1. Can you find a residue in region 11-29 that is at negative phi, outside the structural domain of residue 129 (by TED's automatic domain parsing) and in contact with a strand residue (DSSP E or B) (Cβ under 6 Å, 6 or more places away or on another chain)?
2. I need the full set of residues from region 13-34 which are closer than 25 Å to residue 163 by Cα and at pLDDT below 95, in order please.
């Protein structure tokens, strides 16, 4: 049985693609305390969209997921908006984040267990844990630094976080 949060994310995206307001279609209650979360869309092994928040910005987890699901489907700048006909081939995953905690060095990271956040001024790069092909701290940091557009030699801070992942 698919987790209720995965069903919620799929219903939100499908409602929007059908021209409906997801809130009008939703029968659930917004009862979970809000947390940062990422919603990822994939077709097979290929990413189709991923948007998230490190810290919550909505009043409930259900609303946080809805907002990030719609953004992953429609506003990920790396991809064109998802079309309704794609929904039958898209698999959704949701990562619910614990608050990031600062670490003193890369030695405190483990890409299979912790996601990473790098910051330098207003620049920020994030990578979720447990991603295929990301098996070393070096690779995890390299991807984060590239995402943040932090140059070689530019100082940066590192934080780590854990997630609870739900996948279709």
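The values are calculated or read from the model by the stated rules, or taken from the named source; none is laboratory data. Quick caveat: nothing in here was measured; it's all calculated off a predicted structure. Positions of Cβ are generated from backbone atoms using ideal geometry, with glycine treated the same way; all protein chains shown enter the neighbour counts.
1. No, there is no match, as no residue in region 11-29 is at negative phi, outside the structural domain of residue 129 (by TED's automatic domain parsing) and in contact with a strand residue (DSSP E or B) (Cβ under 6 Å, 6 or more places away or on another chain).
2. Pass one, region 13-34, residues closer than 25 Å to residue 163 by Cα: 13, 28-34.
28, 29, 30, 31, 32, 33, 34 - these are the residues of region 13-34 that are closer than 25 Å to residue 163 by Cα and at pLDDT below 95.
Okay, residues lined up against (1) within 16 Å of the chain's Cα centre (by Cα); (2) over 27 Å from residue 21 (Cβ atoms):
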{"position": "62", "(1), (2)": "yes, no"}
{"position": "72", "(1), (2)": "yes, no"}
{"position": "82", "(1), (2)": "no, no"}
{"position": "95", "(1), (2)": "yes, no"}
{"position": "118", "(1), (2)": "yes, yes"}
{"position": "124", "(1), (2)": "yes, yes"}
{"position": "128", "(1), (2)": "yes, yes"}
{"position": "162", "(1), (2)": "yes, yes"}
